[in-house]
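Here the structure is laid out as structure tokens; the discussion comes afterwards.
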Amino acid sequence: MNSSFTNVVLMVFTLLLALGGYGWWYHKITLESATAASLLQEIDTKTETANRASSIEAALAKLQSSQGEVQGYFISENNIVSFLEEFKTIGSAVGAKVNVVSIGAPGAKGDQVLGVSLTIDGGFDAVMRAIGAIENAPYAITVSSITMTQAATGWSAALVITAGSMSSSVSVPGSILPADKQGGASKPSGVQPL
């Protein structure tokens, strides 16, 4: 009887020890599962943030290329000389002589236009073609006035145009990217007169 009582006590003790071990391991696994779930949530959040930053970078790259295209229609400090030389090239191409008479600086602080006075000399067809080519040049140009006169040597036109101008320092904001992705992008400076 002693031996069967000892066996029962030993079995109960082993059962309690097994249940205690099971409970302890269950508790440890529950804690580790909570930690794993927290880490998984953090990974999902960082992945979502990285995806958002990537899509923002792609949008900014597209915006910068579009901005470059739009800036090409405006006159800046960087392209004013080539802009004015293009008039002479246009005149030569159609058989007229184009001279830049004056360049007016932008007016008031908010004025974004550059005034240019030109004279065009040559045959009637050449003068008209030069006016048309200047009017349709790939810039934001508006013809303010045209005065045509006939001289003994041909025709002469006095042309006053305004061209959209902007500062060459316009940039796309970089501050919407995470700090590690900003890479020195400057804040927007807006469109400034020349």
*Residues 83, 5, 13: which one is of a type in the set (Phe, Trp, Tyr) and loosely packed, with under 10 Cβ neighbours inside 10 Å?*
5
*Filter pass, residue 90 being within 12 Å of residue 161 (Cα to Cα), at pLDDT 85 or above and either in a helix (DSSP H, G or I) or open to solvent by less than 80 Å² (accessible area, probe 1.4 Å) (or both)*: no
_Filter result (over 19 Å from residue 83 (Cβ atoms) and either in a strand (DSSP E or B) or touching a helix residue (DSSP H, G or I) at 6+ places or on another chain (Cβ under 9 Å) (or both)) within the stretch 111-127_ = 121, 122, 125, 126, 127
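Does residue 53 satisfy the criteria of being of a type outside the set (Asp, Glu), touching a residue at least 12 places away in the same chain (Cβ under 8 Å) and more than 30 Å from residue 160 (Cβ to Cβ)? Lay out the reasoning, then the answer.
Details: of a type outside the set (Asp, Glu): yes; touching a residue at least 12 places away in the same chain (Cβ under 8 Å): yes; more than 30 Å from residue 160 (Cβ to Cβ): yes.
For residue 53, the condition - of a type outside the set (Asp, Glu), touching a residue at least 12 places away in the same chain (Cβ under 8 Å) and more than 30 Å from residue 160 (Cβ to Cβ) - is met.
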*Determine if the stretch 152-164 includes at least one residue that is under 35 Å from the mean Cα position of the chain (by Cα), more than 19 Å from residue 79 (Cα to Cα) and at pLDDT below 85.*
no
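Quickly run through the stretch 16-42 and pick out the residues that are within 44 Å of the chain's Cα centre (by Cα) and open to solvent by less than 80 Å² (accessible area, probe 1.4 Å).
So the first thing to find is which residues in the stretch 16-42 are within 44 Å of the chain's Cα centre (by Cα), and the list is 34-42.
Selection gives 34, 35, 36, 37, 38.
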*For the stretch 10-31, does any single residue satisfy the condition of being among the aliphatic types (A, V, I, L, M) and in contact (Cβ under 8 Å) with a residue 60 or more places away in the chain?*
no
_Within the stretch 56-80, tally of residues that are part of a helix (DSSP H, G or I), open to solvent by 60 Å² or more (accessible area, probe 1.4 Å) and at pLDDT below 85_ = 4
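The values are calculated or read from the model by the stated rules, or taken from the named source; none is laboratory data. Only a predicted model underlies this, so the values are computations on that prediction, with no experimental measurement involved. Backbone-built Cβ (ideal geometry, glycine too); neighbour counts: all protein chains shown. Surface accessibility is based on the protein's heavy atoms, side chains included, excluding ligands, DNA and RNA. Shrake-Rupley method; radii C 1.70, N 1.55, O 1.52, S 1.80 Å.
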